[in-house]
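The values are calculated or read from the model by the stated rules, or taken from the named source; none is laboratory data. Note that the structure is predicted; figures quoted are calculated from it, not measured. Reconstructed Cβ throughout: ideal geometry from the backbone, glycine too, with neighbour counts over all protein chains shown.
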Amino acid sequence: MSTAAEFAALTTPHVPRLYRLGLRLTQQPSDAADLVQEALCKAWASWSKFDRSGNAVAYVSRILVNAFISRHRHSRVVLAVQSRCDLIPHLFDENAVAASESPEHAWHAPQLSDEVLAALEILPPHYRCVVELVDLGGMPYRDAADQLDVPLGTVMSRLHRARKIMRTYLTGFARDHGVGVAAAA
């Protein structure tokens, strides 16, 4: 029997049971279905490590519960970051600049291209906050950490990851505008 056929034979009969477990955890049918699919995908990805003498449904159930816990933790972090970011005025909100700043400030305010603004928008909120505070707002790392109520190392880590995402996203734009050509030559 092939590996795929073996996996299907051992897990397919238990999908309704897995769905009920997912439904008990999430309380939402669509979330339960997503959780079952995620658990089955993860189980299939690590199927070569599964001891065939073990209980396949217990194996997949454990993966399902762990996936639920990971989702729950992730959602708590995202909500906490969003609530902190909502307290911080966005530095490049045109309405905020027009209403609160002098015309001189608006004249000297950095103008970001649409491509850079789009790159900022694709960043997850917890990365975007750090970029706005440190890179765009000029805030020292320590002050950003205090404002976001996170450790200094977290600010540094998030900033590094955000810059890496933006660098990947903006590579073509930079090349088209001659930025970084000397470094590549």
Over segment 57-69, the set of residues within 16 Å of HIS14 (Cβ to Cβ) and either touching a Phe, Trp or Tyr at 6+ places or on another chain (Cβ under 7 Å) or of a type in the set (Phe, Trp, Tyr) (or both) is TYR59
Taking segment 46-64 and the residues there that are surrounded by 15 or more Cβ atoms within 10 Å (Cβ to Cβ) and among the aliphatic types (A, V, I, L, M), the one that is nearest to ARG20 (Cα to Cα) would be LEU64
Residues in segment 124-168 that are closer than 21 Å to LEU112 by Cα and of a type in the set (A, V, I, L, M, F, W, C) total 11
Residue count, segment 31-55, condition out of contact with any Gly (no Cβ under 7 Å at 6 or more places or on another chain) and closer than 13 Å to ARG71 by Cβ, comes to 6
* Residue check: is ARG62 free of Cβ contacts under 8 Å to residues at least 24 places away in the same chain and in a helix (DSSP H, G or I)? -> yes
Filtering segment 141-160 down to residues that are basic (Lys, Arg) and surrounded by 15 or more Cβ atoms within 10 Å (Cβ to Cβ) yields ARG158
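To keep it simple, each residue is scored yes or no on (1) modelled with pLDDT under 90; (2) surrounded by 12 or more Cβ atoms within 10 Å (Cβ to Cβ); (3) more than 26 Å from MET166 (Cβ to Cβ); (4) in the same structural domain as MET166 (by TED's automatic domain parsing).
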| residue | (1), (2), (3), (4) |
| --- | --- |
| ARG17 | no, yes, yes, no |
| LEU21 | no, yes, yes, no |
| LEU35 | no, yes, yes, no |
| TRP44 | no, yes, yes, no |
| HIS74 | yes, no, no, no |
| ASN95 | yes, no, no, yes |
| GLU115 | yes, yes, no, yes |
Quick count over segment 48-73, residues being among the hydroxyl-bearing types (Ser, Thr, Tyr) and under 19 Å from SER2 (Cα atoms), is 2
